[in-house]
Amino acid sequence: MDMSQVVIDVKGLNKWYGEFHVLKNIDLEVHKGERIVICGPSGSGKSTLIRCMNRLERHQEGTITVDGTELTNNLKGIEKIRREVGMVFQNFNLFPHMTVLENLTLAPVWVRRMPRREAEATAMRYLERVRIAEQAGKYPGQLSGGQQQRVAIARALCMSPNILLFDEPTSALDPEMIKEVLDVMVSLAEEDMTMVCVTHEMGFARTVADRIIFMDHGEIVEQNSPEEFFSNPQYDRTKLFLSQILHH
Amino acid sequence: MSEIKTFVPTPDSPPPLTSTGVLRWLRDNLFSSWFNSLLTLLALALLVRVVPPLVSWALVHAVWTGGPGVCDDASGACWAFIAAKARVMLIGTYPPELAWRPLAAGALLAGVVAATVSGRCKKRVLTGLWPVFFAAALWLVGGGAGLETVDQSRWGGLMLSLGLAAVGILVSVPLGILLALGRRSGMGGVSAVCIGFIELVRGVPLITILFMASVMMPLFLPPNFQINNLLRVQVGIILFSSAYIAEVVRGGLQAIPKGQIDAAKALGLSPWMVTVFVVLPQAVRHVLPALIGRCIALFKDTSLVIIVGLLDFLGMAKAASQDQLWLGHEVEGYVFCAAVYWVICFGMSRYGRSLEKRGPQTNR
């Protein structure tokens, strides 16, 4: 594994929603195979940051370079990056009018021009991997939240991405379903997938992350290895945040 | 420390039986309060007053067969009039010796409709089948390529109504979808043109558009440039209907959660793929009831072509009742028209309902 290769390079990133300065001077390098967890209070800009990484949000200042391609208004460049960067959302966002299998094969068939049969075989492989192959013919509305989120992960994997972005993947789940999703994420991490996760699951962060980034008010307050981050936070704001989410 | 116990869920039991039975149903649906009981009794009284005379007129004392004059002494409906005028009502003044051609087209239509409604055919087959049907029907009715040509001025009756409606629906639905997409495209020029068109058309009654198409348009065209009247009316109907369909579809487009589009984009789908595979199928499903409503309205609106001199089903019924040999039977003509219109519209409505039920139940 070549940890020195930078696959996401964010430099001097600034973003505004109207007058509201949502991201301030963000600098961040993500290396190949690295697992990064971004945490922080709601409204701190962590989701916006991760959504800038595949251009679901536009930034006004600074540069974002993914896999050597800079994100600009060039649609071809954006689509090239999106093919290589998978994303998993808080609300799953499966397509409700398609079966699970159709959800998984849509992009490989139409974006990668993969023959349908091959795409279906790949899809079944990933569905088995997230232990849900028996649901392939069902519609998303017939599945539980945890199952839907595992399908969503499989859907992202079907494009064989180099990088996976997770935007609060367990926040909309019932407590008993969180584990089945986290288990899948841990197994991905064990295979050296490059992952950027916005999450409040501190147990996951502690065991899986190479680096934890704490954000507040649109800025990166501090970043550190999990051991240092939990045992020796540098800022009072980080301490307060940790005390609030770890003891309740 | 006590031993840990095993939790065993209680087995399900059936619901109480009080929610069944005829008397129960009567009480719940017809006599649930004194006001509802009163309404039920009033409705019953009305039915008693109306139904027996209606049955007596339409069935018991009706005259079913015979030539002119057979109904002179009858106190009931004269269905013999309908039987005598059936050909005119169905195909207008189309040459009688060639009547098999529109009838064959009608049989084809019935076949294609049956294939569509059955739900057994694949979408791809159906999208190919309909254009083939239209080409075949146009050839059968209009002639050419081996068949004797029948001028458009002799097309009429139910055939004309169905033709105008079928072409109208199959062209104005896609056109309306394109207008709705154009309106929301975010491209300044395109959306301005779409908004302008939609608002202009919606601000004008259909009669005005038909009049413009039929009477005024030829004044603006060069004298040697003739488009036939039927085509102009057809275009008028399509433009009118597509503006309304555009607004219906726009409602559906607005109901698609942003997350759906985000997820599709994040997979690398291009803008047109996002629209075709993710947004439109869901949007159209959302607005299916209203869309079917527009299609039914379009079918009924075709009866307005009478004001520009085309004799459709209703127009032919009216014309038939002017026949000197059969005077005084407008009522039977209109009742027959209403029945046929109702059967077709009700069929469309049922088909719409079955489409709504088909496919996935969304989780929202």
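The values are calculated or read from the model by the stated rules, or taken from the named source; none is laboratory data. What you see is a predicted model, and the numbers here were worked out from it, not measured in a lab. Cβ coordinates were reconstructed from backbone atoms using ideal geometry, including for glycine residues, and neighbour counts include every protein chain displayed. Accessible surface is based on the protein model in full, side chains and every heavy atom, while ligands, DNA and RNA are left aside. Shrake-Rupley method; radii C 1.70, N 1.55, O 1.52, S 1.80 Å.
Miscellaneous remarks
- Range in chain B, longest, excluding exposed GluC sites (Glu not before Pro) [loop by DSSP; at most 15 other beta-carbon atoms within 10 Å]: B:149-364
- Of the complete DSSP H runs in chain B, those spanning 24 angstrom or more by Cα along the long axis with a mean Kyte-Doolittle score not below 0.5 are B:34-55, B:100-118, B:123-142, B:157-183, B:229-254.
- Per residue, the convex hull volume that the Cα atoms of segment B:100-144 enclose (Å³): 47 Å³
- D by Stokes-Einstein for segment A:126-217, Kirkwood Rh over Cα pairs, 20 °C, 1.002 mPa s: 154 µm²/s.
- Neighbour-limited loop hits for chymotrypsin sites (Phe, Trp or Tyr not before Pro), segment A:167-248 (at most 12 other Cβ within 10 Å; DSSP other than H, G, I, E, B): A:Tyr235
- Set against the 2.2 N^0.38 Å expectation for a compact globular protein, chain A has a Cα radius of gyration ratio of 1.01.
- Peptide-level mean, for A:72-79, of C-beta atoms on other protein chains within 10 Å: 2
- Per-residue mean of foreign Cβ neighbours for A:152-158 is 1 (Cβ atoms of other chains, 10 Å radius).
- Note on B:273-282: average number of Cβ atoms from other chains within 10 Å of each residue's Cβ is 3.
- Taking Lys and Arg as +1 and Asp and Glu as -1, the other residues whose beta-carbon sits under 13 Å from that of B:Tyr351 total +3.
- Sparse-neighbour loop sites [GluC sites (Glu not before Pro); segment A:163-195; at most 11 other C-beta within 10 Å; DSSP]: A:Glu191
- Among the listed pairs B:Lys85/B:Lys318; B:Lys265/B:Lys357; A:Lys46/A:Lys76; A:Lys46/A:Lys239; A:Lys179/B:Lys258, a Cα-Cα separation exceeding 20 Å is found for B:Lys265/B:Lys357; A:Lys46/A:Lys76; A:Lys179/B:Lys258.
- With the whole protein complex present, B:Met187 retains an accessible surface near 110 Å², based on a 1.4 Å probe.
- Area projected by the alpha carbon convex hull of the protein assembly as shown, averaged over all directions, nm²: 43.8 nm²
- Once divided by 2.2 N^0.38 Å, the Cα radius of gyration of segment B:156-310 becomes 1.18.
- With the alpha-carbon atoms of chain B aligned to their principal axes, the span from lowest to highest coordinate is 104, 62, 40 Å, starting with the largest.
- Listed by chain and number, the aspartates and glutamates whose C-alpha is less than 12 Å from the C-alpha of A:Lys15, apart from same-chain residues fewer than 8 away, are A:Glu57, A:Glu61, A:Glu219.
- In Å, descending, principal axis extents of the Cα set of segment B:226-275: 52, 20, 8
- For segment B:268-364, the equivalent ellipsoid derived from the Cα gyration tensor has semi-axes of 42, 16, 7 Å, listed largest first.
- Model label points for B:Ile307 and A:Lys138, set 7 angstrom from Cα along the Cα-to-Cβ axis, are 5.6 nm apart.
- Chain A, helix-only ellipticity at 222 nm - DSSP H runs n ≥ 4, -39,500 (n - 2.57), divided by all residues, nearest 500: -11500 deg cm²/dmol
- Whole-Å distance, taken between Cα centres, linking segment B:36-91 and segment B:194-235: 40 Å
- Among the cysteines of chain B, B:Cys121, B:Cys194, B:Cys295, B:Cys337, B:Cys345 have no other cysteine beta carbon within less than 4.7 Å of their own.
- Diagonalising the gyration tensor over the Cα atoms of segment A:1-56 and scaling each eigenvalue by 5 before taking the square root yields semi-axes of 24, 12, 9 Å, largest first.
- 4 °C / 1.567 mPa s Stokes-Einstein diffusion coefficient of segment B:96-206, Kirkwood radius on C-alpha pairs, µm²/s: 78 µm²/s
- Estimated from helices alone, the mean residue ellipticity of chain B at 222 nm is -20500 deg cm²/dmol (sum of -39500 (n - 2.57) over DSSP H runs with n ≥ 4, per residue).
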